[in-house]
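**Q** Below you will find the structure I want to go over with you.
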Amino acid sequence: MKKTLLLPVFLFALLISYAPLMAQPNVKDSLSIPKEEKSVTRHSVTIDGKLITYTATAGALILRNDLDEPIAFYGYTAYTKDGQSDVSKRPITFSYNGGPGSSSIWLHMGVMGPKRVIVNDPNDNGPAPYKIEDNQFSTLDISDIVMIDPIGTGISKAVGKANNKDFWGVDGDIRSVSGFIKQYINENNRWQSPKFILGESYGTMRSAGVANYLQDNLGITLNGVILVSTVLDMRTIRFYQGDDISYILHLPSYAVSAWYHNKIKNKSKDLAAFAEEARKFAAGDYATALMKGADLSEAEKEKIASQYAALTGLSTEYVLKAKLRIKEPQFTEELLRSEHLTVGRLDSRYTGINQNLLSEGSSYDPQSTSISPAYISAFTDYYYNELKVNKMLTYRTSAYATPGFKWDWKHNKNFNNDAVPANTAVDLAEAMSRNPNLKVLAINGYYDLATPFYAAEYTFTHMGLEKRIQNNFILKYYEAGHMMYTDPASGKQFKKDVADFIKETIK
């Protein structure tokens, strides 16, 4: 499954950006370029009591570089509301998941598209049949939607002189997704439409780069960026050796997860207030203690371990054995170990059987295991039988099934240094500084251990932005996990938050 995140000289930048795609010889039999695939069907959906008639266009366009050479068979599904005489007044939202290496089926069938698969959140789901219904949480009533499947996912693949690996990296991915957006806009006459991008997980990391690349290289300024389960700086979630930042930023998520599973003594009823208590400890006494390193006294260590245990539901003994530093996989195994359960990384509300009670990391994610069959089965049925896509085209839910898949984490804004964790927050800072009107909506799940809410907050406040631009961030919180929209109450909130953001931004 997914998850469980530039030069002003336009012509020069474009030539440089696609140079690797033009220079490399093709090692596969793709000299014959496939034709564009397009299945056009018409449908209707009722959203908020209003009947919406729309056109679905599913298939792939042939992505070209700046020399008009074909480089990719690029899959997408577009939903456009019928009867719009002036598309300059009709917003359009480009959306994708993350991975890297994930197709867009999760957002597509979870919250963005006109159809939604129903799962028994946050519990197990049995085998088929699965229920699909009109999606009351879709924003199709206020914005056209284009779901994008990056290269190696969906039906997308490199063609011509290009190879899949040209697109499998931070920079190649940003270039190709930006190129797709520009080409779709041009071919569908959407230059004057208000434009938004919505990415989830690694898709947020992509979005930060795409927002800047579109603006600096392709002449496209976005109206808004929507980040769902944010990670822009890999340093904040990777637990690098000798770097304490991830331990600090994960602690509030550990705390609220323990709160959910009733592992907190004298548990308060106010989740937001408890999360704030955990933030203060993480940034205060805990961060100070970790900074002291070997200079931390035994008395101080005991005190911090006791406070840590009280907030996270773990034992003081366990925290001391871990030297006050507990990684996410360790926490997911330890919290409910006595009950022979592991908790989900993507959504810690989910639990699964722990078959190895000595483990420090689970071999599976209970949330992913629970919902993936439902999403994959429902989407595949919908894609081929309702959207009428050619069944000879194999849809890949993940690029990990594609031979040779390996991600290049170097990013040109990070000095192309392998030792520097990829960080596209610098891209977003540039985009926001050069377009002070750009607004960013960040949607966070309290129970998300993959992209913790406190890590997102830390990133946003460490981008070096001017104060008035800093205020362009809007943060929303949900009592759910990484895919918060699987929870019906959160799905309803998601729709309202995104719809309000789009409407307010284009006023």
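**Q** Sort out which residues of the range 94-127 are within 21 Å of T451 (Cα to Cα) and aromatic (F, W, Y), and write them in order of number.
**A** Within the range 94-127, Y96, W106 meet the criteria.
**Q** Name the one entry in K476, K467 that is under 20 Å from the mean Cα position of the chain (by Cα) and of a type in the set (D, E, K, R).
**A** Just one listed residue meets the conditions, K476.
**Q** Are any of the residues in the range 269-278 at pLDDT 95 or above, under 29 Å from T461 (Cα atoms), in contact with a Ser or Thr (Cβ under 7 Å, 6 or more places away or on another chain) and buried (at least 22 other Cβ atoms within 10 Å of the Cβ)?
**A** no
This table checks each residue for (1) assigned to a strand (DSSP E or B); (2) hydrophobic (A, V, I, L, M, F, W, C); (3) closer than 30 Å to S32 by Cα; (4) not assigned by TED's automatic domain parsing to the domain that holds M483.
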| residue | (1), (2), (3), (4) |
| --- | --- |
| V119 | no, yes, no, no |
| D141 | no, no, no, no |
| K165 | no, no, yes, no |
| I185 | no, yes, yes, no |
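**Q** Checking the structure you have, find out if any residue of the range 73-86 is farther than 30 Å from M234 by Cα, touching a helix residue (DSSP H, G or I) at 6+ places or on another chain (Cβ under 8 Å) and of a type in the set (K, R).
**A** For the range 73-86, residues farther than 30 Å from M234 by Cα, touching a helix residue (DSSP H, G or I) at 6+ places or on another chain (Cβ under 8 Å) and of a type in the set (K, R): absent.
**Q** Inside the range 361-377, can you point out the residues that are part of a helix (DSSP H, G or I) and in contact with a helix residue (DSSP H, G or I) (Cβ under 6 Å, 6 or more places away or on another chain)?
**A** Residue satisfying the conditions is Y375 alone.
**Q** Out of all the residues in the range 194-240, which are among the polar types (S, T, N, Q) and in a loop (DSSP other than H, G, I, E, B)?
**A** T221, N223
**Q** Restricting to the range 409-429, what's the tally of residues that are surrounded by fewer than 18 Cβ atoms within 10 Å (Cβ to Cβ) and either over 20 Å from the mean Cα position of the chain (by Cα) or not assigned by TED's automatic domain parsing to the domain that holds K195 (or both)?
**A** Adding up the residues that qualify gives 7.
**Q** Just to verify a result, which residue in the range 102-122, among those that are among the small types (G, A, S) and either under 19 Å from L393 (Cβ atoms) or out of contact with any helix residue (DSSP H, G or I) (no Cβ under 6 Å at 6 or more places or on another chain) (or both), is surrounded by the fewest Cβ atoms within 10 Å (Cβ to Cβ)?
**A** Ranking the qualifying residues of the range 102-122, first place goes to G113.
**Q** Let me ask something else about it. Please determine whether any residue of the range 315-331 is closer than 22 Å to Y364 by Cα and not in a helix (DSSP H, G or I).
**A** Yes - at least one qualifying residue is present in the range 315-331.
**Q** L324 is checked against (1) in contact with a Lys or Arg (Cβ under 8 Å, 6 or more places away or on another chain); (2) buried (at least 22 other Cβ atoms within 10 Å of the Cβ) and fails just one. What number does that condition carry?
**A** Against the list (1) in contact with a Lys or Arg (Cβ under 8 Å, 6 or more places away or on another chain); (2) buried (at least 22 other Cβ atoms within 10 Å of the Cβ), L324 comes up short only on (2).
**Q** Is it the case, given these coordinates, that S348 is crowded, with 20+ Cβ neighbours inside 10 Å and assigned to a helix (DSSP H, G or I)?
**A** When the stated conditions are applied, S348 does not pass them.
**Q** Could you tell me which residue of the range 79-117 is nearest to the chain's Cα centre (by Cα), considering only residues that are more than 20 Å from V228 (Cα to Cα) and in a strand (DSSP E or B)?
**A** Once the filter is applied, the top-ranked residue is Y79.
**Q** Answer yes or no as to whether E334 is surrounded by fewer than 19 Cβ atoms within 10 Å (Cβ to Cβ), of a type outside the set (V, I, T) and not assigned by TED's automatic domain parsing to the domain that holds Y458.
**A** No, not satisfied.
**Q** Which of the residues spanning the range 378-399 are assigned to a helix (DSSP H, G or I) and either among the polar types (S, T, N, Q) or buried (at least 16 other Cβ atoms within 10 Å of the Cβ) (or both)?
**A** A378, F379, T380, Y382, Y383, Y384, N385, A399
**Q** A follow-up question, please. If I filter the range 456-465 down to residues being under 13 Å from N423 (Cα atoms) and not aromatic (F, W, Y), which single residue comes out as surrounded by the fewest Cβ atoms within 10 Å (Cβ to Cβ)?
**A** H462
**Q** Looking at this structure, is G154 within 20 Å of T57 (Cα to Cα) and surrounded by 20 or more Cβ atoms within 10 Å (Cβ to Cβ)?
**A** Answer is yes for this residue.
**Q** One residue is enough: does the range 302-324 have a residue meeting the conditions under 22 Å from G99 (Cα atoms) and assigned by TED's automatic domain parsing to the domain that holds A283?
**A** Taking every residue of the range 302-324 in turn, none turns out to be under 22 Å from G99 (Cα atoms) and assigned by TED's automatic domain parsing to the domain that holds A283.
The values are calculated or read from the model by the stated rules, or taken from the named source; none is laboratory data. In this text the structure is predicted, and so the values were computed from the model without any measurement. All Cβ positions, even for glycine, are placed from backbone atoms using ideal geometry, and neighbour counts span all protein chains on display.
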